[in-house]
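The block underneath contains the structure these notes are about, expressed in structure tokens.
Each reported figure results from applying straightforward, stated rules to the coordinates on display, with no laboratory input. Bear in mind that the values here come from a model prediction, so they are computed numbers and not experimental data. No Cβ is skipped: glycine too gets one built from the backbone with ideal geometry, and neighbour counts run over all protein chains shown.
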Amino acid sequence: MKKYLFIIAILFLGGLYFVWVNFINDSRYHHDPSDFQQLDLPFDVQNLTVDSINTPRNWQWRGENRNGMYNETGLLKVWPVGGPQLLWHFEGLGEGHTSVAIANGKIYITGMHGDRLILYVLDMYGKLLAKKEIGKEWDKSHNGTRSSVCVNDGKLYIFNALGNFYCLDETTLDLVWTKDMFKDFDGRNIRWGITENPLIVGDQLFMTPGGKKNNMVALNKNTGALIWSSTGEGTPSTYCSPIYIDNQSIPMVVTCTHQHIIAFNADTGEKIWSFPQKNNPYNIHPNIPIYSDGMIFSTTGYKGGAMLLRLKDGGKSVEQVWKNSEMDNQMGSAIRIGDYVYASGHQHKYWFCVDWNTGQTMYNVKDVAPCNVISANGMLYCYSEKGTMNLVNPNPEKFELVSSFKVTLGTGTHWAHPVIHQGVLYLRHGDALMAYKVK
């Protein structure tokens, strides 16, 4: 009898230990509600298998190649009625239009309270890990943060709309270095606050102060020291973020300034070429250029249209291939899939499909426009300014809206570009960040 009682006691204690271990492991899903708002979905979140260990080391705006294409597989081709499952949401970001940056098992995003720029650090399940006041932010019109956090080799890079650039240690959030793009590099602010998502290649960090002397600069990403400066065309910046092209005879950085698409030698800062872009009456060109197969695509709002340029002589010169006066995307960017480019218009309030090779408009429809767009797993994700998130099949013959849902959380305008990572769609609407299960 004593033998059986001993066995029963061992089994009982083992059961208690099992329950205790599982409680400890699951406790990461039950956060203080004062920190964030978590739906009661611990097992669904757990089954999502978010891999914090294998999140990328570095992160930049609009994905690895800055073209809005996210390397995901196995995503839902149709969403449930009412939209994909909302895993968690975080409210209290303040005013802002920035997207998330995801690196080393953490989520980074900025917002503005009062006139203060705040950095928020969350874990992969939406728990607030840290927040830090960085400095002032734009509060004059269309308030809030604009340029998303860039994560690179253990450092965070943050740019505000007042021209202040901050480099922080990723672990401690301590300030490593800072620059004032206006005072240090004779830059000039623009109507709605300078906006640019920094480009980092190797140890170089490229920014466009828009000064007459220091039109574009390359800084040492570790120290902030000036590597080179270029006069470019000497015209102001225009809310645009640069891209890097490395498969021509000269490594180049390409961006848009006041009235030009312009290329700089990435090593020396020498202006390689510039091409007039004067079709926008306000000289506002926020859309990041798209590079593919020796071609550079650019689109601009206010009925400015779109154009495709061809690099020649190993990138030393450029020529226009076509111009389309209809597709006038303001700031939602575009996506190339196959031989077609997809984007919404601005004052031409349509969703467009345009032939990449000829510039011919295949169709335009009223649905979803105006919106910003990203792509993953062969589908288009269109976040409309009307407050809907839309899943679209990229069909060059006709518009195919597959699924749609209304974004009910958050505040202000629907301008932040979505992000998809490890089967989760991250959507920011002003004060709120939402995470949806799309796999």
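Sequence gap at least 6, Cα distance under 8 Å: using those rules, report the relative contact order of the chain to the nearest whole percent. Write down the numbers at each step before the final one.
Numbers: 1158 pairs, mean separation 58.6, N = 439.
Over the chain, the number comes to 13 percent.
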Taking Cα atoms, how many degrees apart are the long axis of helix 2-26 and the longest axis of the chain, rounded to 10 and kept between 0 and 90?
-> 20
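Can you pick out the pairs among Lys132/Lys406; Lys77/Lys366; Lys349/Lys398; Lys127/Lys155; Lys155/Lys179; Lys221/Lys271 whose Cα atoms lie more than 24 Å from each other? Don't skip to the answer; put the middle values down first.
Numbers: Lys132/Lys406 31 Å; Lys77/Lys366 22 Å; Lys349/Lys398 17 Å; Lys127/Lys155 21 Å; Lys155/Lys179 15 Å; Lys221/Lys271 22 Å.
Violating the 24 Å limit, Cα to Cα: Lys132/Lys406.
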Spin-label point model (7 Å from Cα, Cβ direction): what's the His113 to Gln347 distance in nm?
-> 4.0
Here the relative contact order (percent) of segment 101-206, from C-alpha pairs under 8 Å and at least 6 apart, is 18
Two-site label geometry, Asp139 and Thr268: point separation in nm, points 7 Å out along Cα→Cβ = 4.7
What order do you get for His417, His285, His113 when you list them from fewest to most C-beta neighbours inside 10 Å?
-> His113, His417, His285
When ranked by the protection proxy of mean other Cβ atoms within 10 Å per residue, highest first, what sequence do the peptides 335-347, 252-264 form?
-> 252-264, 335-347
Which value, in nm² and rounded to one decimal, describes the direction-averaged projected area of the C-alpha convex hull of segment 34-437?
-> 17.7
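Using a 10 Å cut-off on Cβ atoms, rank the peptides 137-144, 105-112 from the highest mean neighbour count down.
On the way: 137-144: 18.2, 105-112: 23.4.
So the order, starting with the most tightly packed, is 105-112, 137-144.
Order of 190-199, 397-406 by packing, highest average Cβ count within 10 Å first?
Values: 190-199: 21.5, 397-406: 14.6.
Descending packing order for the listed peptides: 190-199, 397-406.
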